[in-house]
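Have a look at the structure below before the remarks.
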Amino acid sequence: MTTYTHKKSLRHITDEQFSEKTTVDGNRIDKALAESVDHVNNIPTGDVLSRYTETKFVFGYRPSRHFAGCLTGTAGAYYYAHHFPWMPIANNADLVSGDDPGQQNPFVVKGVDQSTNPFVGVYAVSNSGPIPAVSGGSNWVVDFNAWDDTGSTQGANDFTSGSSATNGPANGYQFAWTTSFNFNDPAIIDDLMIVLGIDGAGNLGYASSATIGGVAKFENPGGAGYDVVSVVLMVDNHFSKELRKDSEIEIAAHKYNLSGFKYEYATVSQSTITDMSPPLDTTSKGLKDSVILRWRDLNIPMHAGARARLSITVPWTKQNIRPCGLTYESGGAEVQTAPFFYFSPRGCMTVLEEVVR
Amino acid sequence: MAKVVRREGLPRGAELIKENVFDPMEGMATALSGNVDVSQMQAENGTFRLNLNIPYISAKYFWANPGGWFYVPFCLPPLQENWTTGPEVSPGTPIPVLTEVCFSFDQRSEPALPADAWHKKVFDSVRTSPDANYVSNINEGDLVYDRAGNLDIKLAIFEKTQHAFYTQTAGSGAGASAQIAPGAESEVFAVTLPAAQISARSGRNNPASWDGLSAPISPKKTYMFAINADNLVDSTGGATGSNHTALVSVQVSLKFKMSLFVRDSSSGGSPNNLQNVPTASYGARTNETISISVPTHSTVIKADAAQGVSAELGKIDDRLRHKIYGGYQDFSATYVGQHILDDAGYEVIAVPMFNNQAYGEILAKPCWLHVRDNVRRYSDRAVIPITHPMTIHHVLFTHSFLTATPYNGSLYTFPPATGKVVYQVGVGVVAGQMSDSVDYTQVAYASRAADAAGSAGIVDFMDLQNQATLVKDQTRPQRWEQSIFSVPLVRGSVTGSGYDTQGAPFFVGEAARNGYNTNTRAQVGDPSSAGSNITTAAAGLEQFLEVRMRILAQGDIFNAAGAWQSYVADWANLSGYGGSWVYIIGKKHMRT
């Protein structure tokens, strides 16, 4: 059988074709060489396969957890710092201060509302109602006076109080840390990592014991259960940029069992670790007990002009509930349900961008 | 290599000799054989971003500093091979160009601002005491619609000469004889994000960006990204009128472009020129060889046979049609044959430390008891995933004395006593996620005292004379508001270049065995014995960069009787408003 051998033609760097038994004159050769040399001297970006470099958006902080009166107070009363940058995912009249023209977006993060999820059970959130709904009423003046007091009565009637029995949002809200980015030129999301860092006593401010409040870190009291952290990356809809229900979801990570994402599974003897300087708490080398959620090689394109919003959501559920070990309590002296103070949220989004002129 | 040249003009009727046809072809083949430099690429610049994530800026900061600036200093110094000690930039040093500024914050997707933790609270001298105002506010984060229309946000990038290259004097003294550290000398960028653009129900400019900029940045100067948002403070007054609001989850992204350049490499003969580099390649390029078969003299030049015009030019065409490449592959592997010479770009990774504290700053007594007992340290750490190889050339960190706690008639914040507090910063690579073994390899480390202009490792300092740090006629002993310190790389047998004596560039990248063989690494500097080499502890299995920072008291916080030591005065400012930033600076590489 006669085999066919395909002979490639010049196609890319010049349009000139040269074949046997056709006229090959100097003008055509000259044109071909000129086009080719010009091409190689100014290689188009599209001819470069490895035309991306990466950029890292690093975020995170270590929370200030509590304050036991230092200058004037006495140890034993726990007051909580602000919970920023975490804010409720819901927008409603109960979460407005001052004039209320009505809410444009009932939810700022799409697809994470668990208030109608029948499987959440005791970890249910309602994402509605005032914060806090405390005994004694939600009258603002009452609450403000409590907050505005000093000394032992400070915070006695708001969610920062040391009394876990009567405080915390009775209905439960989900809170989000939302960061937004603008990509004027096309980009590619390559990697996303979220760390819920646990450290030792000298770092986060509490002892790194095997359990938190009798519950293993990042596990439910009943074992592997409902998994309440969500990570969502949305891009504004180009035609309705301010309506979150129209946003395009690019990453939606829900209901991951956090116990499956621990930094390490095996028990590594801390004494065997070659550490770096400066040393941290001797019980927390290597992010022991921390959770790392990481998604690699995502290859998610961002169009030119994309407005991306990255949200991490956690529930602040009904009082005395410890979803997924997100909260901590030491003998009932602290509010059990506010998750913001019990891990150091850290993360990094890696984005690929093209080389430019 | 330089651009390919060819003789012009091959008119009809001219004698066709091989030099006319094949010299340019050989030039092109040589270029594509691993010698494509930036002069031959349509897109000759890499981009990089300085990304600053600031979780929270309270109205209190701008109440304490009316008309002032919350700012973050940074610099983009020359890489080690371009390093010179004088104020001039050496010829050939690539220059960063600012092309885009992005700014965003969380409005909860409403034409509103979030209520501050100080919402409905009247700022006055009594409440400047941090002790009385630690707790969370039941209204914080609430939507405040009627304040969004009041807030113009001013953004600026200031420039100043750098102490490391042009010696300057830190602040000193108090009162009328006080000397203030130098401030901004010029402005590179300034814009106002007007209230109308964040308070509309449609078309809000958040996230906002300003592109098309072309501002050259000096590698030997210091810059400050600054924010003013005075109207976060509601001056209406009264417990029911003070609708103070906050900037929450601020994201700043400064995009730069800079010419691509050659990546770092070493060799088997001098492996320590690049610490931790895979010994399978030492980072060296292996070029693809494209050969043009040139006919001899008196051979007829054919059209598309071997040694013909079409066949030989087709080799160039074929290569470009299948695209050219450079940089690294996955797992730090080099290409079997690459084409691009300049395949690396500038990179800076900004890592926030000690940010988002309860008061926004770390004041001695109110914060130190946060750690409950008589520990002498206050620590923070961050991890950054290693996704693609980079080489680290410099590590810097900023230190702040900014404050939102102004003079209250008797107390004011001030730097801790000289010699009593040090700031320890370390960068390492860590292997061990989901494994039964965890180990770190030190990349850089320094212990710095933020005491004086002569402090070891100081790169620069500045003072924009914010009111709370200055207290005007009550001028306190203020060294500076912000400063930058260097953190030298570990140093083995090869000494690199930089602000301090430090080691050669440090390679960071994932590895694989079985064919890639990138897990075997060159030795690195011994952190405990500068000048000596040791085998890397992470054994080429690194997954993350870890950044640690520790504020360490030089002595006990409490005396034997359990009372505060005198040097830990109430409002000694251990870490100012906004905390510190660690900058990891080096080369990143082209990738697919």
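Worth pointing out:
- Amide H contacts of B:F165 (H built 1.01 Å from N, under 5 Å, at least 5 apart or other chain): none
- Note that segment B:201-215 has calculated 3J(HN,Hα) couplings of 7, 9, x, 5, 9, 8, x, 9, 8, 10, 10, x, 6, 8, 9 Hz, one per residue in order, obtained from phi through the Karplus relation 6.51 cos²θ - 1.76 cosθ + 1.60 (θ = phi - 60°); glycine and proline are x.
- FRET efficiency estimate (nearest 0.05) - Cβ-Cβ, A:S19 to A:T45, R0 30 angstrom: 0.45
- Backbone geometry of segment B:92-99 corresponds, through the Karplus equation with coefficients 6.51, -1.76 and 1.60 at θ = phi - 60°, to 3J(HN,Hα) couplings of x, 6, x, 10, x, 10, 6, 10 Hz, x marking Gly and Pro.
- If you take all other residues with their beta carbon under 13 Å from the beta carbon of B:L402, and give Lys and Arg +1 and Asp and Glu -1, the sum is -1.
- Three-way shape label, segment B:194-257, alpha-carbon gyration tensor, a/c 1.5: oblate
- Applying 1/(1 + (r/R0)^6) with r as the Cβ-Cβ distance of B:A178 and B:N205 and R0 = 41 angstrom yields a FRET efficiency of 0.50.
- Peptide B:531-537 shows a mean partner chain C-beta count of 1 within 10 Å per residue C-beta.
- A protection proxy built from the mean count of other Cβ atoms within 10 Å ranks the segments B:138-145, A:257-264, most packed first, as B:138-145, A:257-264.
- Integer Hz, Karplus 6.51/-1.76/1.60 couplings in order for segment A:13-30, x for Gly and Pro: 8, 7, 8, 5, 10, 10, 10, 4, 6, 10, 6, 10, 10, x, 4, 6, 5, 4
- For residues of B:4-10, the mean tally of beta carbons on other chains within 10 Å: 5
- Amide H partners (placed H, <5 Å) of A:D185, local residues excluded: A:G305
- Mean Cβ neighbour count within 10 Å, used as a protection proxy, ranking B:408-421, B:87-100 highest first: B:408-421, B:87-100
- Note on B:V300 and B:L16: their simple-model spin labels are 1.0 nm apart, each label 7 Å out from Cα toward Cβ.
- Distance between modelled label sites at A:A253 and B:A284, nm, 7 Å Cα→Cβ extension: 4.0 nm
- If R0 is 56 Å, the Cβ-Cβ spacing of B:T592 and B:D556 corresponds to a FRET efficiency of close to 0.50.
- Cβ neighbours within 10 Å from other chains - mean over B:304-312: 4
- Proximal charge balance of A:T272 [Cβ under 14 Å; K/R count +1, D/E count -1]: -2
- In straight-distance terms, cross-link reach from B:K60 covers every one of the lysines whose alpha-carbon lies under 29 Å from its own, apart from those fewer than eight places away in the same chain; here that gives B:K120, B:K121, B:K154, B:K160, B:K365, B:K420, B:K472.
- Rough spin-label spacing in nm, given labels placed 7 Å along Cα→Cβ, for B:T169 and B:A196: 4.8 nm
- Gained length - A:D246 relative to A:H6, 0.36 nm times residue gap less alpha-carbon distance: 81.3 nm
- Total formal charge among the other residues, if their Cβ is under 13 angstrom from that of B:R263, Lys/Arg +1 and Asp/Glu -1: -2
- Packing here is the average count of other Cβ atoms within 10 Å per residue, and on that basis the peptides B:396-406, B:196-206, A:53-63, highest first, run B:396-406, A:53-63, B:196-206.
- Whole-percent pair-distance distribution, where bins are 10 Å wide, for the alpha carbons of segment B:1-114: 9, 20, 21, 17, 14, 9, 6, 3, 0
- Computed from Cα positions, the angle between helix B:309-321 and the longest principal axis of chain B comes to roughly 20 degrees.
- Enclosing the Cα atoms of chain B in their convex hull gives a volume equal to 196 cubic angstrom per residue.
- 14 Å cut-off, amide nitrogen to a point 7 angstrom out along B:T85 Cα→Cβ, residues in segment B:158-172: B:164-167
- Nearby lysines by direct alpha-carbon distance to B:K3 (threshold 19 angstrom, same-chain neighbours under 8 apart not counted): A:K31, B:K315, B:K323
Laboratory data are not the source of any read-out in this text; all were calculated from the coordinates shown. All figures in this text were calculated on a predicted structure; none of them were measured in a lab. Backbone-built Cβ (ideal geometry, glycine too); neighbour counts: all protein chains shown.
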